[in-house]
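What follows is a single structure, written as structure tokens, with notes after it.
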Amino acid sequence: MFRTLKALFTKAEPYETPLPEADAQHAMGALMVRAAKADNKILFEELQVIDSILARRFGLNPVEASKMRAACEKLEKEMPETQEMTAIVRNAISMEERERTLKALWQVVYADGVKHEEEDVLLHHIEKLLGISKERAKALQSEVREG
């Protein structure tokens, strides 16, 4: 019992989230983190949306989704090129899944209720990299905004 109490008061090593593999799932999550950070701040509402999307898309419970997001945050820091992250996603999933990914990105940037030009610029760049036409991308954005 004394050891347990002592452990509470001794400085423990900080938990380090391991860098995940740069697979399509983590790259998609990293893109969502990058979209949330496009306006130079990431808000709780955006994190909630990211966790919710990760949970739905990959069948995760809330804790697993939060852990995956933390790993995606680390991957986003380590991969400075949006083009590189987007290429991983584009090459691994179908056009339908790419469109779902773009919708998820719009959900993240709209989560805070404030429209920022930096977010628009980033997402329009990503839509091109994903190979989604401007017309289709605009329709997907409208679906999210209205919906």
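For the reader, a short list of remarks on this structure follows.
- Screening segment 53-82 for residues that are in contact with a helix residue (DSSP H, G or I) (Cβ under 8 Å, 6 or more places away or on another chain) and in a loop (DSSP other than H, G, I, E, B) and picking the one that is surrounded by the fewest Cβ atoms within 10 Å (Cβ to Cβ) gives N61.
- Segment 92-105, residues that are among the polar types (S, T, N, Q) and either more than 16 Å from the chain's Cα centre (by Cα) or surrounded by fewer than 19 Cβ atoms within 10 Å (Cβ to Cβ) (or both): S94
- Total residues in segment 119-147, condition part of a loop (DSSP other than H, G, I, E, B) and among the small types (G, A, S): 3
- Residues in segment 112-141 that are at pLDDT below 95 and buried (at least 18 other Cβ atoms within 10 Å of the Cβ): D112, E119.
- Evaluated against (1) in contact with a His (Cβ under 7 Å, 6 or more places away or on another chain); (2) at pLDDT 95 or above, D39 falls short on exactly one condition, (2).
- With respect to being within 16 Å of the chain's Cα centre (by Cα), modelled with pLDDT under 95 and assigned to a helix (DSSP H, G or I), V108 falls outside the description.
The values are calculated or read from the model by the stated rules, or taken from the named source; none is laboratory data. Owing to the predicted nature of the structure, the values given are computational and were not obtained by experimental measurement. Virtual Cβ from ideal backbone geometry, glycine too; neighbours counted across all protein chains shown.
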